[in-house]
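Read-outs throughout are calculated quantities, based only on the coordinates presented, and are distinct from any laboratory measurement. The shown structure was predicted, so the numbers you read here are calculated from the model rather than taken from an experiment. Using ideal geometry, Cβ is built from the backbone for each residue, glycine included, and neighbour counts are taken over all protein chains shown.
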Amino acid sequence: MKKTLLIILAIVVVVWFFVVGKYNTLVKYDESVATAWSQVENVYQRRLDLIPNLVSTVKGAAAQESWVLVAVVNARANATKVTVDIKDAKSLAEFQKVQGEVSSSLSKLLAVVESYPTLQSIQAFRDLMTQLEGTENRITVERKNFNDTVNTLNIYIRRFPANIVAAIFGFEKAQQFEAKEGADVAPTVDFGTTPTALPVDTIPTEGTE
């Protein structure tokens with residue numbers, strides 16, 4: 001009888017340590033995903049923070065292009081309103097959508113300002129372009145890092161027997177974050193169909209969210 005109890009106890013201890021080990025690994029991977037996502041949000045926020053100064057600088061040298069400046073400001077305002085649950089596909093898709101609109105509006109703005117040599121000579125504008133380019137590169141890096149981290153978690157959750165532990169404790173797969181195809185490509189701007197410019201004092205600036 002005593003021997004049987006010891007065997008049962010040994011089995012319970014083994015199972016306990018097995019479950020604890022799988023649980024702790026799931027926690028580690030889950031936290032890694034959350035940390036990676038916070039980095040994604042940070043770099044996207046950095047891009048949003050650059051937009052007011054960029055709009056202000058361009059507005060001073062190319063006020064007649066206010067239509068594209070308004071589009072950038074509006075896209076930024078929409079992006080600041082979105083909160084994300086990385087386990088919810090719909091929430092992440094909405095974040096992807098608004099950030100894609102920011103990328104598209106910035107691409108159009110940069111395509112337009114290429115026609116203004118004087119703007120290119122302004123040091124503040126060049127500094128902003130350098131910061132923006134660096135931020136876009138960081139976005140690509142952090143987005144890939146996030147997707148790699150998500151992939152690690154999702155594969156682990158699907159594997160037996162970790163999938164049993166994940167189901168018991170409510171761990172869920174995270175969603176991949178893919179940028180809209182072509183969002184980082186500057187479109188061709190048809191100046192013949194450009195909307196009529198707005199008065200320069202109607203362009204929203206800092207604080208318009």
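The figures follow:
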item	result
For region 120-126, Karplus couplings with θ = phi - 60° (6.51, -1.76, 1.60), whole Hz, Gly/Pro x	5, 8, 6, 4, 4, 5, 4
Cα→Cβ-extended label distance, 7 Å offset, between VAL14 and ASN137, nm	5.4
Whether region 1-140 is rounded, prolate or oblate, judged on the alpha carbon gyration tensor where a/c under 1.5 counts as rounded	prolate
Dipole magnitude (debye, nearest 20) for region 2-185, charges at Cβ of Lys, Arg, Asp, Glu	860
Ranking of LEU106, LEU9, LEU119 by count of other Cβ atoms within 10 Å, fewest first	LEU9, LEU119, LEU106
Most positive-pole-ward Cα, PHE125, THR140, VAL112, against dipole of region 2-185 from beta carbon charges	THR140
Across LYS22/LYS87; LYS59/LYS97; LYS87/LYS173, pairs whose alpha-carbon gap is larger than 18 Å	LYS22/LYS87; LYS59/LYS97
Extension reserve of the ALA61-GLU172 stretch, reckoned as 0.36 nm per residue once the Cα distance is removed	34.9 nm
Under 15 Å, Cβ to Cβ, from ARG126 - net charge with Lys/Arg +1 and Asp/Glu -1	-3
